[in-house]
Amino acid sequence: MTDEELARKAISGNVAAFESLLMAHYEKLYYTAMKYTNQHNDALDAIQEASCKAYLSIHKLNHPQYFMTWVTKILIRECYQLLQKQKKMIPFEDAVLFKKLEGHQEAPTHASTLSAALLDLDQKYQSAIILHYYHDLPIKEVAEIMKKPQSTIKSYLLRGRKRMKAYFERSERLHGTII
């Protein structure tokens, strides 16, 4: 059964079809959540919240062929809400904080540098880059999800890439490595 057929069944109230769709795309959802939250438990929390919200509002989905785009949009919103809540909390455990204060921090790995560069971007650039490059969505779909003109999305992608490049160059100067 195709995703669109499963989505049609899910819209009509079939719980098994909804679960099948989520399970079929779980890795993609997890990867997306990890790109935003950078923490395993936070990613799982965001997926769980997004799944609940999607289940409760599946009847509002008008175009079954865009089920994954719709769920991804809900997931991204959940990730941002989770990150907003965390800004109010102390971000580091004592040991990590003391290491940073003492300047004994290890050089970042390539994956952590890429994630850090992505997290360093403004939300609009981050969303455009994740949707376009990680989800391989065409600019037209990214524009629909973000409710912006295609030209704006192209600008977001260009500016986001430039800012990430600047981040990598700063990282190279500080740590002597670049990915």
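The values are calculated or read from the model by the stated rules, or taken from the named source; none is laboratory data. The shown structure was predicted, so the numbers you read here are calculated from the model rather than taken from an experiment. A quick note on method: Cβ atoms are made from the backbone with ideal geometry, for glycine too, and the neighbour counts reach across all protein chains shown. The area values use the complete protein model at the heavy-atom level, side chains included, leaving out ligands, DNA and RNA. Shrake-Rupley method; radii C 1.70, N 1.55, O 1.52, S 1.80 Å.
Residue-by-condition table, conditions (1) open to solvent by 100 Å² or more (accessible area, probe 1.4 Å); (2) hydrophobic (A, V, I, L, M, F, W, C); (3) assigned to a helix (DSSP H, G or I); (4) modelled with pLDDT of 50 or more:
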residue: 97; (1), (2), (3), (4): no, yes, yes, no
residue: 115; (1), (2), (3), (4): no, no, yes, yes
residue: 118; (1), (2), (3), (4): no, yes, yes, yes
residue: 125; (1), (2), (3), (4): no, no, yes, yes
residue: 140; (1), (2), (3), (4): yes, no, yes, yes
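Of everything listed in (1) exposed (fewer than 15 other Cβ atoms within 10 Å of the Cβ); (2) more than 20 Å from the chain's Cα centre (by Cα), the single unmet condition for residue 26 is (2). Taken together, the criteria exclude residue 91 from residues that are modelled with pLDDT under 90, open to solvent by less than 60 Å² (accessible area, probe 1.4 Å) and not in a helix (DSSP H, G or I). Of everything in segment 99-113 that is more than 20 Å from residue 86 (Cα to Cα) and of a type in the set (Ser, Thr, Tyr), the residue that is modelled with the highest pLDDT is 113.
Specify which of the listed residues (76, 153) is over 24 Å from residue 27 (Cβ atoms), at pLDDT 85 or above and open to solvent by less than 80 Å² (accessible area, probe 1.4 Å).
Working: 76 fails: over 24 Å from residue 27 (Cβ atoms).
Going through 76, 153 in turn, the sole match is 153.
Evaluation of residue 62 against the conditions (1) outside any helix (DSSP H, G or I); (2) within 21 Å of residue 134 (Cα to Cα) shows that the sole unmet condition is (2).
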